[in-house]
Every structure is written in structure tokens, then in C-alpha cells.
Amino acid sequence: SKLKLLRYVSRGSKLKVRFSSDYSHHFGGFKARVSMENVMQCSDDRLQMFNNSCYLFVSYPEVTWSTAQQICMGIKGQLTSVLTPEEENFISANIRKNPEYRTSAIYWFGARSGSNGKFHWVDGNAMSYSGWLPNYAPEETNALINPMCLGVR
């Protein structure tokens, strides 16, 4: 009789567990103990924590939205979605206090316009907060010809 003790520390806020049977006739089920704790700091000093997520504010090199998205994916991250006024304030404040901050630099968000001309978050979150998009009129764009990406200066 062997008992396997497994320990896994996830790097994100989600964990998927799959149980599979060895068809043993002696044991009638599974037992698992899971503990969770909030991480109170980011793994890198360049990252800033907000609502259990780590943010990296980079203004150089200046790249397109698609390149920024690829860079984020390469470091196992993603361009951010902005879901609340508090998150918007956090992002704005950290962009401005970044030592590399330049008014000419574009800081990309994880949103693009779809074929209907309306923005959507590429991470699947609902575009429920848009306080940072004043006077945006999606009906005035032709997203099939010129899709738009979301960034701030």
C-alpha cells in the first residue's frame, strides 16, 4: 500500500484538479486536502500588486499592440483589462510615477475592437466599465477596415 503525497504551488489564481481511478477494489473514493492563501507580494520587484494581480508598467520599447500582447504572453502575462474605477486610478497613478514615463509613450490595454466596432477585453472579461473612454462612438468606426486597439498616454 503506497500513499502518494503531492504538493503543488500554483502561479495564478486558478487550479484545476483531475482525479483518475486506478480501479482499486479496496478504496471507494478520493480524499484531497487543499489550502489556499493570498500572495501579498509579486515575485519581481518591478511588478506592482493590485487586487491580487501583479502589474508591470513598461514604456520602452515602443511597440504595436500586437507586439505588446506577444511580449506579455512570452513572460506568461497579458495586457490588462480595466474593470473598476479603482483599477483605472491604480494604473494611471503607476504610469505617471514610472521613472520611464513619457507623455509620448503609449501604454496598451488588453482590448480591441470587434467587427461591430465595439471594444472587448481579449481576456474574456465583460466590458462593463468604460469610464476611461469618454466620447467614444463605436458606430463611427469601420472595424473591418481599420480595427482599433486600446491604449493611453
Select from segment 104-127 the residues that are among the charged types (D, E, K, R) and closer than 21 Å to residue 77 by Cα and write down the one among them that is surrounded by the fewest Cβ atoms within 10 Å (Cβ to Cβ). 123
Given the conditions (1) in a loop (DSSP other than H, G, I, E, B); (2) more than 16 Å from the chain's Cα centre (by Cα); (3) modelled with pLDDT of 75 or more, report the number of the one that residue 21 does not fulfil. (3)
The residue that is modelled with the lowest pLDDT, considering only those in segment 42-65 that are surrounded by fewer than 11 Cβ atoms within 10 Å (Cβ to Cβ) and over 21 Å from residue 89 (Cβ atoms), is 60
Kindly check whether there is at least one residue in segment 82-96 that is in a loop (DSSP other than H, G, I, E, B), at pLDDT 85 or above and surrounded by fewer than 15 Cβ atoms within 10 Å (Cβ to Cβ). yes
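The values are calculated or read from the model by the stated rules, or taken from the named source; none is laboratory data. Here the structure is a predicted model, which means the values were calculated and not measured. No Cβ is skipped: glycine too gets one built from the backbone with ideal geometry, and neighbour counts run over all protein chains shown.
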